[in-house]
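Student: One structure coming up, written as structure tokens, with questions to follow.
The values are calculated or read from the model by the stated rules, or taken from the named source; none is laboratory data. This structure is a prediction, so every number in the text was calculated from the model and none was measured. Virtual Cβ from ideal backbone geometry, glycine too; neighbours counted across all protein chains shown.
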Amino acid sequence: MAVAEQPENPWATRPHIPGQGTVSTQPAAPAAVASGPASPQPRAVPQPRGGLHGRWITAGESGAAGWLLGCHGGAGVSTLAATYRQFALRDASRVWPMATPGAAPAAVVLVARTHHHGLSAAQTAAQQWAAGAVPGVRVAGLVLVADAPGKLPKPLNEFALLVAGGVPQCWRLGWIDDLRFGGVPQPDHPAVRELTAQLPAVLTPNGVTTT
């Protein structure tokens, strides 16, 4: 039986991003965007250079509802893990948590800042998944955490939209000034409220397959 061709990954090639740009005058992106592929596309996406390492999770860890995977240092995973303690989310410690063959794939939420380094790291991580380089993983989505107050400069906003097109769903979390003073947002905080409402659903496999 012929196998249907899978759609090409919309951002397999990294775009050119100017060093400076004007502030975008476009309306702010919604907090949650259903954006891209729901499963890996190994025939369409080559494995990127570099990226995060992976490890097989143990039987004791398989009970986690999901994993928060920081694509780079300082992404904001610790804050999100503290905010969502009730969801049994674990910090993946910047390593892909891969379920062993035959087990349900591990639900992973990627986390990155919206500066250029963070977006580049998120793109590489999403490409690893799309290329089938991390078996036993189901990427549920990507959380982009604001790296500064205000709107993103236009080049970074365009890059963020491009990266969001390579994952099943993307959330934009606005700047939370209290974090500078050691605060942790509650799940009903306006900046994270929509993510709070959608997390239980996205952490459920719903029949999504992985490699």
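Student: Restricting attention to the stretch 86-105, does a residue exist that is farther than 17 Å from Trp56 by Cα, modelled with pLDDT under 95 and assigned to a loop (DSSP other than H, G, I, E, B)?
Tutor: Yes, the stretch 86-105 has at least one match.
Student: Still on this structure, please answer the following. Yes or no: Arg172 modelled with pLDDT under 95, basic (Lys, Arg) and assigned to a helix (DSSP H, G or I)?
Tutor: For Arg172, the condition - modelled with pLDDT under 95, basic (Lys, Arg) and assigned to a helix (DSSP H, G or I) - is not met.
Student: Related question: Quick one: which residue in Leu195, Leu179 is among the aliphatic types (A, V, I, L, M), surrounded by 20 or more Cβ atoms within 10 Å (Cβ to Cβ) and either under 30 Å from Thr58 (Cβ atoms) or touching a residue at least 24 places away in the same chain (Cβ under 8 Å) (or both)?
Tutor: Of Leu195, Leu179, the one residue that is among the aliphatic types (A, V, I, L, M), surrounded by 20 or more Cβ atoms within 10 Å (Cβ to Cβ) and either under 30 Å from Thr58 (Cβ atoms) or touching a residue at least 24 places away in the same chain (Cβ under 8 Å) (or both) is Leu195.
Student: List every residue pair whose Cβ atoms sit under 7 Å apart, with the two residues 6 or more apart in sequence or on different chains, where the first one lies in the stretch 61-79 and is part of a helix (DSSP H, G or I) and the second, anywhere, is surrounded by fewer than 19 Cβ atoms within 10 Å (Cβ to Cβ).
Tutor: Ser62/Ala103; Val77/Asp91; Ser78/Asp91; Thr79/Leu179; Thr79/Val184
Student: Can you tell me which residues in the stretch 20-56 are part of a loop (DSSP other than H, G, I, E, B), among the aliphatic types (A, V, I, L, M) and modelled with pLDDT under 90?
Tutor: Listed by number, the residues that qualify are Ala28, Ala29, Ala31, Ala38, Ala44, Val45.
Student: Which numbered condition in (1) in a loop (DSSP other than H, G, I, E, B); (2) surrounded by fewer than 23 Cβ atoms within 10 Å (Cβ to Cβ); (3) touching a strand residue (DSSP E or B) at 6+ places or on another chain (Cβ under 6 Å) is the only one that Val167 fails?
Tutor: Going through the list (1) in a loop (DSSP other than H, G, I, E, B); (2) surrounded by fewer than 23 Cβ atoms within 10 Å (Cβ to Cβ); (3) touching a strand residue (DSSP E or B) at 6+ places or on another chain (Cβ under 6 Å), Val167 breaks only (2).
Student: Suppose the filter is among the β-branched types (Val, Ile, Thr) and either at pLDDT 90 or above or within 14 Å of Leu110 (Cβ to Cβ) (or both); does Val77 pass it?
Tutor: Yes: the conditions hold for Val77.
Student: Then there's this: Could you tell me which residue of the stretch 67-78 is surrounded by the most Cβ atoms within 10 Å (Cβ to Cβ), considering only residues that are among the small types (Gly, Ala, Ser) and in contact with a helix residue (DSSP H, G or I) (Cβ under 7 Å, 6 or more places away or on another chain)?
Tutor: If we take residues in the stretch 67-78 being among the small types (Gly, Ala, Ser) and in contact with a helix residue (DSSP H, G or I) (Cβ under 7 Å, 6 or more places away or on another chain), then Gly70 is surrounded by the most Cβ atoms within 10 Å (Cβ to Cβ).
Student: Filter the stretch 79-105 for residues that are in contact with a Phe, Trp or Tyr (Cβ under 6 Å, 6 or more places away or on another chain) and either crowded, with 20+ Cβ neighbours inside 10 Å or not polar (S, T, N, Q) (or both); which is farthest from Leu199 (Cα to Cα)?
Tutor: Met98
Student: Something else: As an exercise: evaluate Ala130 against (1) touching a helix residue (DSSP H, G or I) at 6+ places or on another chain (Cβ under 6 Å); (2) of a type outside the set (Ser, Thr, Tyr); (3) crowded, with 23+ Cβ neighbours inside 10 Å and give the number of the one condition it does not meet.
Tutor: Answer for Ala130: the failing condition is (1).
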